[in-house]
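One structure below.
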Amino acid sequence: MARSIVRLPADVREPYEVYLNGVRQEPGVDFAVRSGALVFERELRKDRISGWRWLLGAFGVGTYRQDDSVDVRYETRDGLARVAEGLEIEQPSPQSR
C-alpha cells in the first residue's frame, strides 16, 4: 500500500489542524500521527517543475501533474496563530513499509 509521511515542524503542539489541498483532514480517519510526523496511507506528491516544463508553460502550454500541499494550522506557546504551509512530503523506502 502506498504511504506518505509529512514531518511536523518542531514548534507544532496539539491542538492543530491539518489540511490537504485546502481540505481539513481528520486524525485517525485521513492520517495518523507517529513520532512527530503525519502518516497518510496513500501516495501524496509534490510536483517538481523542470526547466523544460517551465518553458512550455511560458508559451501557454499547460502540463499538469499531481501537486499535493499539506498545511498545518497551530498556535505557538505564547498563543500566536501560525500556519506551516507546503510541508515536505516523503515517500518511505520499500523496506520500511
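Just so it is clear, none of the values below were taken in a lab; they were calculated from the coordinates. Quantities reported herein were computed from a predicted structural model and do not represent experimental measurements. Quick reminder, even Gly has a Cβ in these numbers, built from the backbone with ideal geometry, and neighbours come from all protein chains shown.
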Handout entry: Net charge of neighbours whose Cβ lies under 13 Å from the Cβ of TYR19, counting Lys and Arg as +1 and Asp and Glu as -1
Key = -4
Completion exercise
Amide H proximity to LEU38 below 5 Å, modelled H, separation 5+ or other chain, gives VAL6, ARG7, LEU8
Exercise for the section: Using label points projected 7 Å from each Cα along Cα→Cβ, tell me how many nm separate VAL33 and ARG3, to one decimal. Expected result: 1.9 nm
Problem - Segment GLU90-GLU41, length gained on full extension (0.36 nm per residue, minus Cα span) - result: 16.4 nm
